[in-house]
Amino acid sequence: MVDINAGKPGMTLLLAEEAHYRFNHGRVGYALGNSWLLPEFLCNAILLHHDIERFTSAHCDTASAEARLVAFGMLVEQVAALRDHGGLVPDWIPSELFVLRSLGLTPEDIVLLCEQTATEEA
């Protein structure tokens, strides 16, 4: 399922999973987190981690723990993509400003993170 949808936005993957399996990995992660008695904000971040439109809307509280966790996940995914193949993850363009604002970062900070991770791996 992931290979077929590689390079496509996260919501495309979720819709494909829903069509094929009648559930998606966000819902599975949410249920697993609940069964482990994780706090609700963590479970919600797992559930909604591909719902970029929710977090980029004007009504989103980007300072909430849930939003910051989703932003952090997007940041980690993007840093890995830049480090590994120099490109952008499919959801980066619509989520970049949300990530930067939520985490108080600049684009230069992200470049520095990529450089630091590449140095640490060497």
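Relative to the longest principal axis of the Cα atoms of the chain, helix 107-121 runs at roughly 90 degrees.
The residues packed around Thr56, meaning those with a beta-carbon under 12 Å from its beta-carbon, carry a net charge of -2 if Lys and Arg are +1 and Asp and Glu are -1. For the chain, adding -39500 (n - 2.57) for each run of n ≥ 4 DSSP H residues and dividing by the number of residues yields -21500 deg cm²/dmol at 222 nm. Once you reduce region 57-122 and region 12-35 to the center of their Cα atoms, the two points are 23 Å from each other.
Each of the peptides 77-85, 55-63 was scored by the mean count of other Cβ atoms within 10 Å over its residues; in descending order, highest first, they stand as 77-85, 55-63. Sorting the segments 21-33, 41-53 by their residues' average number of neighbouring beta-carbon atoms within 10 angstrom, most packed first, yields 41-53, 21-33. In terms of surrounding Cβ atoms within a 10 Å radius of their Cβ, Phe98, Phe72 rank from fewest to most as Phe72, Phe98.
Shape class of region 10-121 from the Cα gyration tensor (axes a ≥ b ≥ c, square roots of the eigenvalues): prolate, since a/c reaches 1.5 or more and a/b is larger than b/c.
Is region 9-63 best put as rounded, prolate or oblate by its Cα gyration tensor, with a ≥ b ≥ c the root eigenvalues, rounded for a/c under 1.5, and otherwise prolate when a/b is larger than b/c, oblate when not? Verdict is oblate for region 9-63.
Just so you know, all these numbers are worked out from the coordinates, no wet-lab data involved. Remember, it's a predicted structure, so these values are computed and weren't measured experimentally. FYI the Cβ positions are ideal-geometry reconstructions off the backbone, even for glycines, and counts take in every protein chain you see.
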